[in-house]
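The values are calculated or read from the model by the stated rules, or taken from the named source; none is laboratory data. A quick note: this is a predicted structure, and the numbers were derived from the prediction, not measured. Cβ placement follows ideal geometry from the backbone for every residue including glycine, while neighbour counts extend to all protein chains displayed.
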Amino acid sequence: MGDLQTLLADIEDTITTAHQLTIALQVCSGMEALAAGGHIHRDLATRNVLVFRYDEADHTLTSVKVRLFPTDVAPSDPINGPFTVSA
């Protein structure tokens with residue numbers, strides 16, 4: 001379908017709270033998975049959230065994923081070591 005930024009521009013007046021929460025939970029889940037894999041996303045933005053499905057009638061059918069490019073991953077710091085989630 002495209003990215004979340006484009007979708008929100010199209011439906012900003014009609015998106016329900018249930019849809020917003022579903023999308024937020026899926027983004028959080030994706031960020032948690034990245035952190036568990038030792039990755040830190042440096043550019044989380046609506047343009048970097050891909051929308052695979054948006055169902056106006058049923059929020060549970062909405063599906064989004066966090067897009068990660070190699071340039072979005074925090075590099076290691078040669079002095080302080082790798083960045084961590086708590087940094």
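Just one of the listed residues (Thr6, Thr84, Thr71, Thr22) is hydroxyl-bearing (Ser, Thr, Tyr), part of a helix (DSSP H, G or I) and modelled with pLDDT under 90, and it is Thr71. Right, Phe69: exposed (fewer than 13 other Cβ atoms within 10 Å of the Cβ) and out of contact with any helix residue (DSSP H, G or I) (no Cβ under 9 Å at 6 or more places or on another chain) or not? Taking the combined requirement at face value, the residue does not satisfy it. One residue stands out in segment 35-56 among those that are among the charged types (D, E, K, R) and under 19 Å from the mean Cα position of the chain (by Cα): the one that is modelled with the lowest pLDDT, namely Arg42.
If the condition is being among the hydrophobic types (A, V, I, L, M, F, W, C) and without any contact (Cβ under 8 Å) to a residue 24 or more places away in the chain, then segment 22-41 contributes Ala24, Leu25, Cys28, Ala33, Ala36.
Only a single item in (1) more than 19 Å from Gln5 (Cα to Cα); (2) at pLDDT 90 or above; (3) not small (Gly, Ala, Ser) is not met by His59, and it is number (1).
For segment 10-38, the tally of residues that are more than 15 Å from Thr60 (Cβ to Cβ) and touching a helix residue (DSSP H, G or I) at 6+ places or on another chain (Cβ under 9 Å) stands at 2. If you go through segment 6-31 and keep only what is under 12 Å from the mean Cα position of the chain (by Cα), closer than 22 Å to Phe69 by Cβ and surrounded by 12 or more Cβ atoms within 10 Å (Cβ to Cβ), you end up with Ile23, Gln26, Val27, Ser29, Gly30, Met31.
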